[in-house]
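**Q** Let me begin by handing over the structure; questions about it come next.
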Amino acid sequence: MPGRLPIAMQLFRPGERVAVAVSGGADSVALLRALYQARQEAGLVLQVAHFHHGLRGAEADADAAFVHELAGLLGLPFFESSGDTAARAKSSGESVEEAARNLRYDFFHQLLGRGDADVVATAHTQDDQAETVLLKFLRGAWTEGLGGISPVIQVSEGRGRIVRPLLEVRRSQVEQYLNECNQPWRDDSTNAEIHFTRNRLRHELMPQLRAFNPNLDEQMARLASIARGEESHWQAEMEKLLPKVLLEGRPVRGGGRAVATSPAEKSVVLDLAQLSAWDVAVQRRILRAAARRLGRALDFFSTARLLELLEARSGAKAPLGDGLLAERTARELRLTLADPSPKKSELAEVVCPVPGESWAPEFGLRVVATAGEATSENFAILRVWKPGDRVRLRHTLKEQKVKEALQRLHAGAEEKSRWPVLLWEQRIVWMQGVEVQPTAGDPAFQVTRLS
């Protein structure tokens, strides 16, 4: 008789309809079997949800058939959907991993929105949590990023929630449980491909770090829990504190303040006297909360620039990227979002070291390059395409004009005018929304959107 996985049953309420997201891999199959084992005691109504990403061909078809069969063996309703992940990645500029996740979660939201389920349960484990926290740390995340994978996501408009009952369970426990159940599972061959950042971290970096601390995964999970608690506290504090620091409109001669009349201009204004009364840790929180009022997330460098501006002379200004401008007066700090979409001429070239990692907030992109064969160049250039640029698309025999490639993409004229490309040795090696034919010996470039 198999034991039980220590899943977080407190995330469920009796009588709820739970759609278990099952890919066919060990984690999701174990979650399904564990919830099936506990369903009567917990009073849950289970069903199985599977999303086919349109990748991996026959292997993915076999995964879907496996999950469908498992649902049938357990006598559970089966919901399935599919999407063209590669097409979405091309059209949106997302990485394949990002596009796959977004399509999958769109499916989950559809299940909840249609009322087919009250809860969607996904099979993220403690190993996933540790990898996520470390990956976000390496990318320079703030405290909210170090919170990693949240145990519960409340879907907007009260349409249900997404829960992660295995976040305290190790992957080794999952496989032991399945073996005790004599329950097979499917292995995704792409999980071994180390050109994906997470796979490289999982197979190369995490084993090295566990040699220093065998309890690394538990430690990273504790860090995530602490970070989420910190963020929850500070969000509540900012709700109380920010109104005391914010000012409405612009000052006018003779006293008082006027609301901005330009419909294109959005701004928030902070009282310098109030802001300066706090220590730097609280100031950072206030500045970032103020920027979020304008729909912008400040990175470390933009926040540091704002802190410097607090000590600058009156009239000093600082462009922060993504259409955000900061201006200091004698008594105020104003953040203005006059044009959230910078013009093509305002996007400078970004030098990307090879090998190395580059952040380009003006493009909303991150570039990671790993070295190829010996070459005279040691950097790539990220910039907006120019008339006359040519690109060789994957599986084509010759180059074509970038302008012609853009004509097939469903984007507006203004968006196309700012379309980014990455050049290595004066050749386009990456272009948003399309697959470029690789050249032997070139460095490997991974371009992802900033979160």
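Laboratory data are not the source of any read-out in this text; all were calculated from the coordinates shown. Just so we're clear, the structure is a prediction, and the values are computed from it rather than from any experiment. Don't worry about glycine lacking a Cβ; one is built from the backbone with ideal geometry, like all the others, and counts go over all protein chains shown.
**Q** On a full-extension model of 0.36 nm per residue, what is the gain between V45 and T143, subtracting their alpha-carbon distance, rounded to one decimal in nm?
**A** Taking V45 through T143 to full extension adds about 31.6 nm, to one decimal.
**Q** Can you tell which of Q274, S28, V436 lies farthest toward the positive end of the dipole of the chain, using +1 and -1 charges on the Cβ of basic and acidic side chains (Lys, Arg; Asp, Glu)?
**A** Q274
**Q** Would you mind calculating the gained length between A65 and N378 on full extension (0.36 nm times residue separation, minus the Cα-Cα distance), in nm to one decimal?
**A** Extra length available between A65 and N378 comes to 107.9 nm.
**Q** Something else: Which percent, to the nearest 5, of DSSP beta bridges fully inside the chain are antiparallel?
**A** Restricted to the chain, the bridges split so that about 75 percent are antiparallel.
**Q** Hey, another quick one. How do 351-363, 166-178 rank on mean C-beta neighbours within 10 Å, highest first?
**A** Descending packing order for the listed peptides: 166-178, 351-363.
**Q** While we're on this one: Could I get the Rg over Rh figure for the chain? Both from C-alpha atoms, Rh via Kirkwood, rounded to two places.
**A** Rounded to two decimals, Rg over Rh is 1.00.
**Q** If you count, for each residue, the other Cβ atoms within 10 Å and average over each peptide, how do 273-281, 428-436, 74-82, 21-29 line up from highest to lowest?
**A** 21-29, 428-436, 74-82, 273-281
**Q** If you consider only alpha-carbon coordinates, what radius of gyration and Dmax does the stretch 258-337 have, in Å?
**A** 11.8, 35
**Q** Next up: Using every Cα-Cα pair within the stretch 347-449, state what percent have a distance larger than 22 Å.
**A** Result: 27 percent of Cα pairs exceed 22 Å.
**Q** Using 1/(1 + (r/R0)^6) with R0 = 25 angstrom and r between the beta carbons of D279 and L325, what's the FRET efficiency to the nearest 0.05?
**A** 0.45
**Q** Report, to the nearest 10°, how far helix 171-181 tilts away from the longest principal axis of the Cα atoms in the chain, using its own Cα long axis and a range of 0 to 90°.
**A** 20
**Q** Per Stokes-Einstein, at 10 °C and 1.306 mPa s, what whole-number D in µm² s⁻¹ belongs to the stretch 1-91, with the Kirkwood radius over Cα pairs as the hydrodynamic radius?
**A** It comes out at roughly 111 µm²/s.
**Q** Along the Cα→Cβ direction, 7 angstrom out, place labels at S232 and S314. What is the inter-label distance in nm?
**A** Those two pseudo-labels are separated by 4.5 nm.
**Q** Also: Could you sort out which of K136/K398; K90/K401; K266/K401 sit more than 29 Å apart by Cα distance in this structure?
**A** Cα-Cα > 29 Å for K136/K398; K266/K401; rest within.
**Q** Compute the FRET efficiency between L409 and A211 as 1/(1 + (r/R0)^6), taking r as their Cβ-Cβ distance and R0 = 30 Å, and round to the nearest 0.05.
**A** Taking R0 as 30 Å, the efficiency between L409 and A211 is 0.05.
**Q** Would you calculate, for the chain, the mean residue ellipticity at 222 nm contributed by helices, counting each DSSP H stretch of 4 or more residues as -39,500 (n - 2.57) and dividing by all residues, to the nearest 500?
**A** Taking each H run of at least 4 residues, the total per residue is -11500 deg cm²/dmol.
**Q** With r defined as the distance between the Cβ atoms of T370 and D271 and R0 fixed at 51 Å, what FRET efficiency is calculated, to the nearest 0.05?
**A** That pair, T370 with D271, gives E of 0.60.
**Q** Also, quick follow-up: Per 0.36 nm of contour for each residue apart, how much would the distance between V351 and R198 grow if the chain were fully extended, relative to their Cα-Cα spacing?
**A** Answer, rounded to one decimal: 52.6 nm.
**Q** Taking the 0 to 90 degree range and rounding to the nearest ten, how far is the long axis of helix 26-42 tilted relative to the main principal axis of the chain, both from C-alpha atoms?
**A** Between helix and principal axis, roughly 70 degrees.
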